[in-house]
Amino acid sequence: MSLALDAPVVDGIPFARAGRDDLRGEVAGLLAAGETDRARVLLLADADDWWTEPPPPPEQLARVPAARTLREAMELLGMGRVADYFAHRWSDPTHLAGLGLLQAHWPGERPVVDVACGIGAHLRELSRRGVRDLVGVDVVWAKLWLARRFVCPDARYVCADLSAAPDLRVGTPAYVMCHDAFYFLRDKPAAAAAMRVLAGEGGTVVVGHAHVADPHGEPLTPEGYAEVLGTGLLYDDDELTRSLLEGRPPRPAGPADLRAREAVALVAGDPRGPAPVDLGEPLPPLAPNPLYRDGVLTWPSERYAAEYGPRSSYLPECWPDPLPADAARRRLLVDLPEAW
């Protein structure tokens, strides 16, 4: 994979997404003419292939850079239901499962590449825990813009498809992870092969929250994921969430035992060792979980409630007074981005 020399760069984020040659050419032309603001609007309008909503009008997208908070920016971007997930990522069971996976398989000082990184929630956790060489890759330029502006400015970001990415200039062996997105990738063997190449000899490939059964995406069976990734080290996603909340190592399971589970996680290559710090305890400064409104747990949408409500029993229905000693571990208190 060679560096895409023709990839235009806006706000420090190269746009090298495959299948967008016309858009890339238009953006490059605008940059050459000094029209950076117009180029940014074009990139902010570009969505992934699963998104069905039309982009907001250009004049609305032009106001995104002036947004003072992550939520305001996402509203201007018209992110709808996705904005609900990103705004409340810090306490949802899927994010905690990802932290449980990192707790058991820590990258240490190795470079980290987060594939389909979204707005960089996991990159932020790694950065705040001292990991310095971080790269986020996603096909949606707007998500990377949000990550760089509001969530994890210390990472480097590239807008590209995993299986057709330019040279990311990452040293090996590396730690390559993909959370809550691998089941959306249509050519999973090609994606797995690209992750192995990025990781290099002796590297690590981590896939978190890969759906086994879901009306969205294109999920595989646990055996299918294990075969594609070439590993027998699997976890039940719910087990990862519980292990983080309970402060214990997660228990692996065989593929046959995970067929009825909602989602699985897998680790291939060098499994590394456990984290030297407790990721179950969020770092200060902490704030009350914004899911509580007037002291009552209030989900942002019916869709969010249906997906996460049944697996979020660690969040009580009403705000406790006094707060329990484990309020932070149970995510009653969360470490929101500064400009949340």
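Could you check region 67-106 and list, in sequence order, the residues that are among the small types (Gly, Ala, Ser) and within 14 Å of residue 339 (Cβ to Cβ)? Step through it out loud before you land on a result.
The first filter runs over region 67-106 and keeps only residues among the small types (Gly, Ala, Ser), leaving 67, 73, 78, 80, 83, 87, 91, 97-98, 100, 104.
Matches in region 67-106: 67, 73, 87.
From the list 235, 183, pick out the single residue that is buried (at least 21 other Cβ atoms within 10 Å of the Cβ), closer than 18 Å to residue 265 by Cα and modelled with pLDDT under 95. Step through it out loud before you land on a result.
Numbers: 235 fails: modelled with pLDDT under 95.
When all the criteria are applied, what remains is 183.
Restrict the check to region 18-31 and report whether at least one residue is touching a residue at least 40 places away in the same chain (Cβ under 8 Å) and not hydrophobic (A, V, I, L, M, F, W, C).
From region 18-31, those touching a residue at least 40 places away in the same chain (Cβ under 8 Å) are 18-19; that's our starting set.
Checking the rest, the ones that are also not hydrophobic (A, V, I, L, M, F, W, C) come to 19.
Yes, region 18-31 contains at least one residue that is touching a residue at least 40 places away in the same chain (Cβ under 8 Å) and not hydrophobic (A, V, I, L, M, F, W, C).
Which residue, of 303, 311, 248, is in contact (Cβ under 8 Å) with a residue 40 or more places away in the chain and open to solvent by 50 Å² or more (accessible area, probe 1.4 Å)? First the steps, then the outcome.
Working: 311 fails: open to solvent by 50 Å² or more (accessible area, probe 1.4 Å); 248 fails: in contact (Cβ under 8 Å) with a residue 40 or more places away in the chain.
Among 303, 311, 248, only 303 is in contact (Cβ under 8 Å) with a residue 40 or more places away in the chain and open to solvent by 50 Å² or more (accessible area, probe 1.4 Å).
On the given criteria, is residue 75 in a helix (DSSP H, G or I), free of Cβ contacts under 8 Å to residues at least 60 places away in the same chain, open to solvent by 20 Å² or more (accessible area, probe 1.4 Å) and out of contact with any Phe, Trp or Tyr (no Cβ under 9 Å at 6 or more places or on another chain)?
Details: in a helix (DSSP H, G or I): yes; free of Cβ contacts under 8 Å to residues at least 60 places away in the same chain: yes; open to solvent by 20 Å² or more (accessible area, probe 1.4 Å): yes; out of contact with any Phe, Trp or Tyr (no Cβ under 9 Å at 6 or more places or on another chain): yes.
Taking the combined requirement at face value, the residue satisfies it.
Which members of region 1-19 meet the condition of being surrounded by 13 or more Cβ atoms within 10 Å (Cβ to Cβ) and either modelled with pLDDT of 95 or more or under 18 Å from residue 148 (Cβ atoms) (or both)?
Hits for region 1-19 are 7, 8, 9, 10, 11, 13, 14, 15, 16, 17.
Residue 61 fails exactly one of the following numbered conditions: (1) out of contact with any strand residue (DSSP E or B) (no Cβ under 9 Å at 6 or more places or on another chain); (2) in contact (Cβ under 8 Å) with a residue 40 or more places away in the chain; (3) open to solvent by less than 20 Å² (accessible area, probe 1.4 Å). What is the number of that condition?
So residue 61 meets the others, but not (2).
The values are calculated or read from the model by the stated rules, or taken from the named source; none is laboratory data. Remember, it's a predicted structure, so these values are computed and weren't measured experimentally. For neighbour counting, all protein chains shown are included, and Cβ atoms are generated from backbone atoms with ideal geometry for every residue, glycine included. Accessible surface is based on the protein model in full, side chains and every heavy atom, while ligands, DNA and RNA are left aside. Shrake-Rupley method; radii C 1.70, N 1.55, O 1.52, S 1.80 Å.
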